[in-house]
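Accompanying notes for the structure given below.
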Amino acid sequence: MHFESPLAFLLLILIPLLIYMQFFRNRGGTVRFSSVGNAVKASRSIKVRFIRLPDIIRIISLILIIIALARPQTGRERISEISKGIAIEMVVDRSSSMTAELEYRGEKVNRLEAVKGVFKEFVLGGTSGLKGRPNDLIGMIVFARYPDTVCPLTLAHGALPAFLKSVNIVQTREEDGTAIGDAIALAAARLKRAEDTLKEDKEGSARYEIKSKVIVLLSDGENNFGKRSPIQAAELAREWGVKIYAIAIGGEEAVTSIQTPFGTYKIPSRQRVDTTALRVAAEKTGGLFREANNADALIDIYKEIDAMEKSEIESVRYVDYQESFIWPAIAGFLLILLEILLRNTIFRRIP
């Protein structure tokens, strides 16, 4: 129930005054008798008992008319939430060079495990200050010699931890390599068709809108396999309106742990990261390039991306009201007619 003119209820202030005038004001008698003792002893008739009925009807009718003046309206108010999110493809290197160690949460883990842990916090939120991306379409592509879609673009982020468990360092030399360009091209193609993953609600109005499309690329090597170079793939991404945020993982000095029958040995390894290609690819698409030598730096980069790519939720309000003042107005009018009828028949007074 909604009242279009609620100020009309101020007229209700007059009702107590009317009640006082009708019921409590002492008007005094007009005919004097020497004694009213016998009248007091006489029983009261039904007419006398209900002598105030016309006055009560008048007050009720006035209240109903005031309600009608306030214009009550009935109907429904529907709120539809439209999420404006980001479509994000995580593109992660899983070549053998990612076995180099990186400290994450106080432990020494390989680079891939650190990347997976920070990515999980980026999407789902964590104790590092990352709040999560609940309104974004998230997908994941991993690559070594060949790129592979691990997780399609989805809003069901609860499934991501299971997908992450299946991501491991390549096991054979035939799989090893670093096809950065092909991985970017595949991610850009997935994002180009991101709208196909969205569904419309029952009334046919889109409930989700893609605000922007982003590739977050993480690699610790240089492109040495594939049909396209990172620059060529970046040209495709720019053509399709996709931004690239490129992150070079690890520094020049790295350590890899090797298990032997005589124990665990740490072997220094040098891995050249093609920062020039990653930087140019990012700049071509309006993104950014950063280097992360440890997990804390990687978390800071994700925070930076988090602040740059923000999602929105917009509430659209639909109101459909119908006027309902006619019913209290009719009831008030009928009560006024009833009062007039009673005062001129059963409760008629002779001056």
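The C-beta contact set for region 231-244 (first residue in the same structural domain as ALA189 (by TED's automatic domain parsing), second residue surrounded by fewer than 21 Cβ atoms within 10 Å (Cβ to Cβ) and of a type in the set (Lys, Arg), distance under 7 angstrom, 6+ apart or interchain) comprises ALA234/LYS284; GLU235/LYS284; ARG238/LYS284; TRP240/LYS192.
Could you tell me whether any residue of region 51-63 is over 60 Å from the mean Cα position of the chain (by Cα), modelled with pLDDT of 75 or more and either of a type in the set (A, V, I, L, M, F, W, C) or closer than 30 Å to HIS2 by Cα (or both)? Taking every residue of region 51-63 in turn, at least one turns out to be over 60 Å from the mean Cα position of the chain (by Cα), modelled with pLDDT of 75 or more and either of a type in the set (A, V, I, L, M, F, W, C) or closer than 30 Å to HIS2 by Cα (or both).
Quick check on ILE299: is it in contact with a strand residue (DSSP E or B) (Cβ under 7 Å, 6 or more places away or on another chain) and either within 21 Å of ALA237 (Cα to Cα) or touching a residue at least 24 places away in the same chain (Cβ under 8 Å) (or both)? Answer is no for this residue. Apart from one condition, MET140 fits all of (1) of a type outside the set (Ser, Thr, Tyr); (2) more than 22 Å from ALA237 (Cβ to Cβ); (3) free of Cβ contacts under 8 Å to residues at least 60 places away in the same chain; the exception is (2).
Residues that are surrounded by 20 or more Cβ atoms within 10 Å (Cβ to Cβ), without any contact (Cβ under 8 Å) to a residue 60 or more places away in the chain and not in a strand (DSSP E or B) do occur in region 105-112, at least one of them.
Modelled with pLDDT under 90 and in a loop (DSSP other than H, G, I, E, B), is that true of LYS131? Before the answer, list the steps.
On the way: modelled with pLDDT under 90: yes; in a loop (DSSP other than H, G, I, E, B): yes.
So LYS131 fits the description; yes.
Scanning region 143-158 for residues that are touching a residue at least 24 places away in the same chain (Cβ under 8 Å) and assigned to a loop (DSSP other than H, G, I, E, B) yields ALA144, ARG145, TYR146, LEU155. Would you mind finding the one in PRO147, PRO152 that is at pLDDT below 90, in the same structural domain as ASN294 (by TED's automatic domain parsing) and in contact with a strand residue (DSSP E or B) (Cβ under 7 Å, 6 or more places away or on another chain)? Only one candidate qualifies: PRO152.
The values are calculated or read from the model by the stated rules, or taken from the named source; none is laboratory data. Everything quoted here is computed from the prediction, not taken from an experiment. Cβ coordinates were reconstructed from backbone atoms using ideal geometry, including for glycine residues, and neighbour counts include every protein chain displayed.
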